[in-house]
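In what follows, a single structure is set out as structure tokens and then discussed.
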Amino acid sequence: MDKFIVHGGNKLFGKVKIQSAKNSALPLIAASVIAEGKTVIENCSKIRDVLIMCEIIRSIGGKAEFVGDRLFLDTTDVNSWRLPSSLTGEIRASLFMVGALICRFGYASIERPGGCKIGERPIDIHVDALRSLGVKVDEGEEIIFSGKNVNSGLITLRFPSVGATENAMMTALKGKGVTTIKNCAKEPEIVDLQNYLNLLGAKVKGAGSSIITVEGFNKKPSGEISFEPSPDRIELGTYLFALGAVGGELEIETKSFKNLDIVLKIFKDNACKIHIINDKIYNISISGRMRSFGKITTGPYPEFPTDLQPQLVACACSAKGVTAVEEKVFEKRFGYAQELKKFGANVDVYQNLCLVSQSVLHGANVVAGDLRGGASLLICALSAEGRSEISNAVHVDRGYYKIEEKLSALGAYVKRASY
Ligand code: EPZ
């Protein structure tokens with residue numbers, strides 16, 4: 001098991017290159033099963049969730065190998081639609097394999113998909129969407145999806161679920177006509193999936209809006225498909241909140257900030273200067289202490305991302321005034337707050353509302369319980385006076401590749417140790 005050892009109090013200075021989006025790479029790896037051939041995912045981050053998805057592809061007969069930061073997938077020889085519970089229980093994204101397997105084989109089976117313990121994580125929206133297309137779903141210990149003949153038609157999601165939108169898009173490809181999916185998730189990662197599926201010869205339109213149309217296809221592309229996912233807007237936001245917590249100046253290289261307008265606005269309205277050097281490089285500096293963020297409410301894109309809620313709370317511990325955060329996506333996403341208190345953080349949670357006020361933070365030994373909660377603990381440790389230890393680093397490794405090296409290169413004292 002690994003932990004992070006942090007000595008807080010250092011400002012951050014230097015250049016950060018943003019990895020490609022975890023929440024794009026994962027559905028793209030699933031969708032590569034539809035290609036029945038070779039796909040290269042460019043600039044792909046070797047984060048733990050990606051490595052587990054590669055294991056899942058190998059477990060059903062496919063190939064998945066990294067050469068540098070290029071992920072070579074070959075799903076020609078995929079020969080099973082049964083997903084191994086030993087792997088699917090590790091990550092939520094295993095669930096996204098279902099749509100791809102139904103599209104290719106007409107069947108899929110999965111036991112308990114995993115995922116961060118940030119709420120119940122049900123799959124009813126996925127099941128209802130697939131049933132709307134005539135897919136039979138037997139929900140036992142093993143959930144078996146049978147869709148030899150998938151209808152085309154209308155799906156209306158009761159909530160804009162990211163994963164359910166992605167599964168619906170991939171399943172609808174098996175239909176003979178045009179399927180309309182309403183109340184879709186609008187995340188940039190959905191646009192990446194649409195663009196990849198269209199490289200395979202599909203006709204998917206509308207991603208990024210609340211209505212997506214999917215036209216079935218029956219021809220496969222010849223040759224290798226190469227695709228680069230968009231930048232990881234959550235990694236980008238994590239560094240912004242770390243900077244906001246400790247101060248300093250960062251030069252951030254990323255293809256675009258456009259997917260993070262709502263976060264950038266929070267910084268622009270605060271003690272922060274943002275200088276756009278060109279369309280790829282942004283200079284962000286924090287002059288003085290951040291002020292309270294006021295009231296922040298999370299929601300489906302383009303609202304404030306739930307995946308940055310823990311990082312914002314950690315940053316708010318160092319800001320002047322009181323910040324109120326309302327979590328409207330995952331019912332148990334404030335689980336990390338108990339650990340933040342060990343740093344001396346003034347953080348009070350009332351169901352899905354959290355009040356944070358300026359705190360005098362001291363080093364502490366804490367335990368990460370999930371990916372973004374772990375990032376929140378790291379940010380607090382960076383701004384706390386003294387030494388901290390963050391156990392269960394594996395949670396953070398799921399979404400951030402060698403974060404201790406990236407932060408150390410910026411002047412932070414963060415080391416990895418085994419225990
Ligand atoms: C994706 O999870 C992301 N994961 C999550 O990122 C992200 O927080 C989430 O979307 C919301 O943006 C990946 O893409 C791998 P949802 P997903 O379905 O698809 C409820 C991270 O930190 N719901 O949009 O599982 C659900 O309980 C991770 O990178 C149902 O009720 O999220 C939640 O309250 C964490 N029934 C809400 O909808 C369902 O069938 C949003 O979930 C599905 C979801």
inquiry  = Just to check I understand the Karplus step: with θ = phi - 60° and J = 6.51 cos²θ - 1.76 cosθ + 1.60, what whole-Hz values come out for region 223-238, glycine and proline as x?
reply    = x, 8, 9, 10, 8, 10, x, 6, x, 7, 5, 7, 4, 4, x, 4
task = Run the numbers on the chain and let me know its relative contact order in percent, using alpha-carbon pairs under 8 Å that are six or more apart.
result = 21
inquiry  = Leaving out ligands and nucleic acids, and using a 1.4 Å probe, what accessible area per residue does region 22-217 come to in Å²?
reply    = 35
task = Jot down the per residue volume, in cubic angstrom and as a whole number, of the convex hull over the alpha-carbon atoms of region 190-346.
result = 144
key: Gain in span if fully extended, ARG82 to ASP124, counting 0.36 nm per residue against the direct Cα distance   = 13.1 nm
Dimensionless Rg/Rh of the chain - Kirkwood Rh, Rg from C-alpha atoms = 0.98
query = Going by alpha carbons, how many degrees (0 to 90, nearest 10) lie between the helix axis of 371-383 and the longest principal axis of the chain?
reply = 20
remark   = Using alpha carbon centers only, region 236-310 is separated from region 114-161 by a whole-angstrom value of 35
inquiry  = Quick check for you: with a 1.4 Å probe and neighbouring chains kept, what is the accessible area per residue of region 331-397, in Å²?
reply    = 38
request  = In whole Å, largest first, what are the principal axis extents of the Cα atoms in region 22-217?
outcome  = 41, 36, 32
key: Carbon + sulfur, % of accessible area of region 26-130 - ligands and nucleic acids excluded, 1.4 Å   = 49
ask   = If you average 1/r over all unlike Cα pairs in region 275-326 and invert the result, what Kirkwood radius do you get in angstrom?
value = 12.6
query = What FRET efficiency, computed as 1/(1 + (r/R0)^6) with R0 = 51 Å and r the Cβ-Cβ distance, is obtained for SER226 and VAL360, rounded to the nearest 0.05?
reply = 0.50
query = What list of ³J(HN,Hα) couplings, whole Hz, do you get for region 397-405 from phi and the Karplus terms 6.51, -1.76, 1.60, once you set θ to phi - 60° and write x for glycine and proline?
reply = 5, 5, x, 9, 7, 6, 4, 5, 6
ask   = Roughly to the nearest percent, how much of the accessible area of region 222-373 is carbon and sulfur, given a 1.4 Å probe?
value = 51
query = Hey, got the dipole for the chain? About the Cα centre, +1 on K and R Cβ, -1 on D and E Cβ, debye to the nearest 20?
reply = 520
request  = May I have the convex hull volume per residue, in Å³, for the Cα set of region 295-419?
outcome  = 107
message = Under the √(5λ) rule applied to the eigenvalues of the Cα gyration tensor, what semi-axes describe the equivalent ellipsoid of region 52-112? Give them in Å, descending.
response = 19, 14, 9
message = How far apart, in nanometres, would the label points at GLU65 and ARG289 be if each is projected 7 angstrom from Cα along the Cα-to-Cβ direction?
response = 5.5
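The values are calculated or read from the model by the stated rules, or taken from the named source; none is laboratory data. Small disclaimer: the values here were computed from a predicted structure and weren't measured. Glycine gets a Cβ as well: all are built from the backbone with ideal geometry, and neighbour counts include every protein chain shown. Note: areas computed on protein heavy atoms with side chains; ligands, DNA, RNA excluded. Shrake-Rupley method; radii C 1.70, N 1.55, O 1.52, S 1.80 Å.
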